[in-house]
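See below for the structure under consideration.
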There are 4 protein chains.
Amino acid sequence: MDPTPPQVACFEAGIKFGSLYHQFAGTPVSPDSAGSLARAMEEAIENQPYCESVTVSVRTEALQAAIEDADAEYTELTGRFLEVEMVIEYDGVTVETSMSMDGDYPLMEVDDLRD
Amino acid sequence: MDPTPPQVACFEAGIKFGSLYHQFAGTPVSPDSAGSLARAMEEAIENQPYCESVTVSVRTEALQAAIEDADAEYTELTGRFLEVEMVIEYDGVTVETSMSMDGDYPLMEVDDLRD
Amino acid sequence: MDPTPPQVACFEAGIKFGSLYHQFAGTPVSPDSAGSLARAMEEAIENQPYCESVTVSVRTEALQAAIEDADAEYTELTGRFLEVEMVIEYDGVTVETSMSMDGDYPLMEVDDLRD
Amino acid sequence: MDPTPPQVACFEAGIKFGSLYHQFAGTPVSPDSAGSLARAMEEAIENQPYCESVTVSVRTEALQAAIEDADAEYTELTGRFLEVEMVIEYDGVTVETSMSMDGDYPLMEVDDLRD
C-alpha cells in the first residue's frame with residue numbers, strides 16, 4: 001500500500017542521514033578543521049527538502065586519539081568522530097533523528113515522531 | 001513517540017538512497033563504464049543492513065546526450081542518469097522504493113509498503 | 001627514472017585537486033550555504049601533506065542561475081561553480097595551481113613552479 | 001616558470017589518484033562486493049584525460065580482518081584496503097604511479113617516469 005505521511009517523513013529523514021554520511025565520509029579532518037567541516041555539513045544538508053535543522057558535533061577526543069594512534073596530523077572523517085541530530089518536517093509530521101555511537105558502530109535512529 | 005516498524009523500515013530505506021546517491025555522485029562516467037559503476041553501486045549498498053536488493057539502471061540515452069552536448073568523452077554521475085529500485089526488509093515489513101526523474105529532479109519515493 | 005622534486009611537487013599538487021573535487025562534488029549547495037562549504041573545502045585539503053594554502057571561491061552568479069533554471073532552491077556542487085587556487089611546497093619547490101572554467105570544463109592547471 | 005611536460009604529466013597523475021581515493025572512500029565494502037567496486041574504480045578513472053590504465057586490487061585479508069575485528073558484515077572503503085597502479089601518458093611522457101601501504105598510511109608515489 002501507499003506510505004502514510006509519518007512513513008514518508010521517516011523516509012525523508014533517512015535520505016538526509018545517508019546523504020550527510022556518504023557525502024562527507026573520507027574528508028581529511030583534524031581538530032583545527034573539524035569546526036568548519038561540521039558547519040558545512042549542517043548547512044549543506046539543510047538545503048534538502050523537509051530538513052528543518054541539522055546539528056553536527058565532532059567528537060574531538062576520539063578524533064585526537066585516532067590521529068595520535070596513527071602518529072599522523074589528520075585523519076579521514078568517519079562516523080565514529082560524529083554526533084548528529086536532525087529534525088525533519090513533512091506534511092505536519094515532525095521526526096527527530098540522531099546518529100551516535102553504539103559500541104563501534106555509528107547508529108542512525110528515529111528518536112521521536114510527532115504528528 | 002517511538003517509531004513503528006513500518007516507519008523504521010522507511011527510515012532505513014531512505015538511508016540507503018541517500019548513501020547510494022551521495023557516495024557515487026560525481027563519479028566520472030561514460031556509456032562504456034556505466035555498467036561496472038551500476039554493478040558496484042548495487043553491490044555496495046546491498047551490504048547495508050536490511051537491504052534486500054538494489055537495481056541500478058543507467059539512462060544511457062540521457063548520458064550520451066549530455067556527453068555530446070558538452071563535446072566531451074565522459075561526464076560526472078548525477079541523478080538524471082539513473083533509475084534505481086530498492087527493496088528493504090525490516091522486522092517483517094517490506095518497503096519498495098525507487099528513484100526516477102520527475103521533470104528535472106531525481107525523485108526518491110516509497111512505492112509500496114507491506115507488513 | 002625516478003621523479004625529480006619538481007615532478008613530485010606537481011604530483012602532490014594534482015592529488016590535492018583530485019581530492020578536493022571528488023570529495024565535495026555532489027554536495028547540496030545554495031548561495032546561502034556556499035560560504036561554509038568553501039571554508040570547509042579549504043581547511044580540509046590544507047590538512048594534506050605539502051599543502052600550504054587553498055582558496056575556494058564559489059561562482060555565485062553561475063550557481064544562482066543554475067538554481068533558477070531548474071526552478072529549484074539548491075543544486076549539487078560541480079566544478080563550474082568553483083574557482084580554486086592552491087599552493088604546494090615540496091622539498092624547496094613551490095607550485096601554484098588553479099582550477100577555473102575553460103569553456104564548459106573546469107580545467108586544473110599548474111600556473112607557476114619555482115625551485 | 002611554466003611547467004614542463006613531465007611536470008604536467010605528474011600533475012595529471014596526482015589528479016587521478018586524488019579523484020580515485022576521495023570519490024570512493026567511505027563506500028560500503030565486503031569481500032563479496034570488493035570485486036565489482038574495484039572494476040568500477042578502474043573504469044571510472046580511466047575515463048579521465050591522459051589516463052591509460054588503472055589497476056585496483058583489494059587487500060582481501062586486511063578487509064576481512066577489519067570486518068571480523070568490528071564483528072560486522074561489511075566496512076567502509078579506505079586506503080588500507082587498496083593497492084592501485086596507474087599509467088598516465090601526457091605529451092610523450094609516461095608516468096607510472098602506485099598507491100600501497102607505507103606502515104599505516106596509504107602512500108601514493110611516482111614509481112617511474114619516461115619521456
Within region B:57-86, of all residues that are part of a loop (DSSP other than H, G, I, E, B) and of a type in the set (A, V, I, L, M), the one nearest to B:Met41 (Cα to Cα) is B:Leu77
Only one of (1) farther than 22 Å from A:Ala40 by Cα; (2) more than 14 Å from chain D (Cβ to nearest Cβ) does not apply to C:Val8, and that is (2)
Residues of region B:1-37 being among the polar types (S, T, N, Q), closer than 21 Å to D:Val54 by Cβ and under 11 Å from the mean Cα position of the chain (by Cα), in sequence order, are B:Gln23
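Which residue is farthest from A:Glu52 (Cα to Cα), if the candidates are limited to region A:65-74 and must be surrounded by fewer than 20 Cβ atoms within 10 Å (Cβ to Cβ) and within 14 Å of chain C (Cβ to nearest Cβ)? Spell out the reasoning first.
Restricting attention to region A:65-74, the residues satisfying the condition of being surrounded by fewer than 20 Cβ atoms within 10 Å (Cβ to Cβ) are A:65-73.
Okay, now just the ones that are also within 14 Å of chain C (Cβ to nearest Cβ), so A:66-67, A:70-73.
Working: A:Ala66: 32, A:Ile67: 33, A:Ala70: 37, A:Asp71: 39, A:Ala72: 37, A:Glu73: 35 Å.
Only one residue fits best here, namely A:Asp71.
Take the conditions more than 10 Å from the chain's Cα centre (by Cα), outside any loop (DSSP other than H, G, I, E, B) and farther than 23 Å from C:Glu42 by Cα and apply them to A:Ala40. Does it pass?
Values: more than 10 Å from the chain's Cα centre (by Cα): yes; outside any loop (DSSP other than H, G, I, E, B): yes; farther than 23 Å from C:Glu42 by Cα: no.
No, not satisfied.
Determine which member of the set C:Gly103, C:Gly26, C:Gly35 is of a type outside the set (D, E, K, R) and within 12 Å of chain D (Cβ to nearest Cβ). Steps first, please.
Working: C:Gly103 fails: within 12 Å of chain D (Cβ to nearest Cβ); C:Gly35 fails: within 12 Å of chain D (Cβ to nearest Cβ).
Going through C:Gly103, C:Gly26, C:Gly35 in turn, the sole match is C:Gly26.
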- Query: Does region C:94-109 include one or more residues that are outside any strand (DSSP E or B) and of a type in the set (Val, Ile, Thr)?
  - Reply: no
Among residues of region D:88-100 being in contact (Cβ under 8 Å) with a residue 24 or more places away in the chain and within 23 Å of C:Tyr50 (Cα to Cα), the residue surrounded by the fewest Cβ atoms within 10 Å (Cβ to Cβ) is D:Met99
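Bear in mind that the values in this text are calculations on the coordinates, not laboratory data. The model shown is predicted, which means the values in this text are computed figures rather than measured ones. Heads up, the Cβs are rebuilt from the backbone with ideal geometry, glycines too, and the neighbour counts pull from every protein chain shown.
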